[in-house]
Amino acid sequence: MKSNAVIDGYVVEISKAVEVTVKKDGETSAEITNTYTQEEGALSVSKTVKSDDKNDKTKEFKFKVTLDDKTVSGTFGDMTFKDGATEFTLKDGETKTASGLPAGAKYTVEEEKAAGFTVTKTGDTGTVAANKTAEAKFTNAKETTPTPTPTPTPTPTPTLTPTATPKPTPTPTPATRMETRQVNVVKVWKDGDNAGRNRPANVTVHLLADGVDTGLTVQLNAGNNWNHVWYDLPVYSSYGNIISYSVAEDSIAGYTAEYSGSMNGGYVITNKKRVIPKTDDTFEALKLQAVLLGSMLMAMLSSLLLRKTAKEG
């Protein structure tokens, strides 16, 4: 007697073949051990980015893999599953492979929508095959905005007067350059290490673009070490002009503000404590001014008296 019971997704190993002789009018039994081993396969997920912006090559894209087998938990190659699901990120040219997955498990690979990209994919759904690697490939292409056609200059209308009809100003063509930059600001205090204990806990700093408030503000304080960096700021305006970034802080009672640095090297705002002259010093200064003024008046009177005497003589 031989047994060949088969279960999908498993390899069966029969302990041995057993020959049984059945006697007439008798009962005979035999024990056969079938050992089942789960077949395994793998799943790889890869990312390709097509863009002329080098920053997109280092951008991370989020992925989620879901299996219909919710018993899959733990680390499988490059992926760690919990209840049949895992999440991870990929950059351009990267691949993650989950090995040792149960054969026959159905999978779905999803990528989180990334603004400004068009996604093409293959193999994002399927079944893990035994001793094979299923491949899910995702390609993100940067979306481009077509440049509008410039408005043609109208032909001047002939007139009877010798004055030529002025041509209208051509409509500027918006730029599509996508370069970005960052701007840094640092706060420096010159108040005797807060000797007066009246330094504010927070200072509001505004980011300006071409002198106009962008609405991007930050609260500088000891928690962020009195500095901040604005990232991913556009280098060019919609008409292709380089944007000049600067900073401005809200006024602080009892302090003066001095600005230094540059857009490329970062800005430094130095706050100095206002020095209020002592009352005694002010009084002495006023006394000195009064003495000098009195001396000037006496000299003027003496000069007038001398002139009058000279005329009478």
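The values are calculated or read from the model by the stated rules, or taken from the named source; none is laboratory data. Given the structure is predicted, the values throughout are model-derived calculations rather than measurements. Here the Cβ is made from the backbone with ideal geometry for all residues, glycine too, and neighbour counts use every protein chain on show. Accessible surface areas use protein heavy atoms only, side chains included; no ligands, DNA or RNA. Shrake-Rupley method; radii C 1.70, N 1.55, O 1.52, S 1.80 Å.
Taking the criterion of being surrounded by 18 or more Cβ atoms within 10 Å (Cβ to Cβ) and farther than 17 Å from Thr127 by Cβ, the residues of segment 93-111 that qualify are Lys96, Glu111. Residues of segment 57-88 that are open to solvent by 50 Å² or more (accessible area, probe 1.4 Å) and of a type in the set (Val, Ile, Thr): Thr58, Thr71, Thr75, Thr80. Of all the numbered requirements in (1) in a strand (DSSP E or B); (2) open to solvent by less than 50 Å² (accessible area, probe 1.4 Å); (3) not basic (Lys, Arg), Ile252 misses one, and that requirement is (1). Of all residue pairs spaced 6 or more apart or on separate chains, those with beta-carbon atoms under 9 Å, a first member in segment 123-140 that is over 20 Å from Glu94 (Cα atoms) and touching a residue at least 60 places away in the same chain (Cβ under 8 Å) and a second member that is assigned to a strand (DSSP E or B) and open to solvent by 80 Å² or more (accessible area, probe 1.4 Å) are Val128/Glu40; Val128/Lys106; Ala130/Glu40; Asn131/Glu40. Filtered by the rule that a residue be out of contact with any Ser or Thr (no Cβ under 9 Å at 6 or more places or on another chain), at pLDDT 85 or above and among the small types (Gly, Ala, Ser), segment 259-289 gives Gly261, Ser262, Gly265, Gly266.
Each residue in segment 130-170 was checked for being part of a loop (DSSP other than H, G, I, E, B) and at pLDDT 85 or above, and 4 of them qualify. Within segment 114-144, the only residue that satisfies the criterion of being surrounded by fewer than 10 Cβ atoms within 10 Å (Cβ to Cβ) and either over 25 Å from Ser44 (Cα atoms) or within 26 Å of the chain's Cα centre (by Cα) (or both) is Ala115.
A search for C-beta distances below 6 Å between a residue of segment 49-61 that is more than 20 Å from Phe88 (Cα to Cα) and any residue that is open to solvent by 40 Å² or more (accessible area, probe 1.4 Å), counting only pairs 6+ apart in sequence or on different chains, returns Ser51/Lys142; Asp53/Met178. Within segment 209-237, residues that are acidic (Asp, Glu) have Cβ atoms under 9 Å from residues that are part of a strand (DSSP E or B) in these pairs: Asp210/Tyr245; Asp210/Ser246; Asp213/His206; Asp213/Leu207; Asp213/Ala248; Asp232/Thr180; Asp232/Arg181; Asp232/Gln182, counting only partners at least 6 apart in sequence or on another chain. Screening segment 1-109 for strands (runs of 3 or more DSSP E) wholly inside it with 2 or more residues that are β-branched (Val, Ile, Thr) and at pLDDT below 85 returns the ranges 10-14, 34-38.
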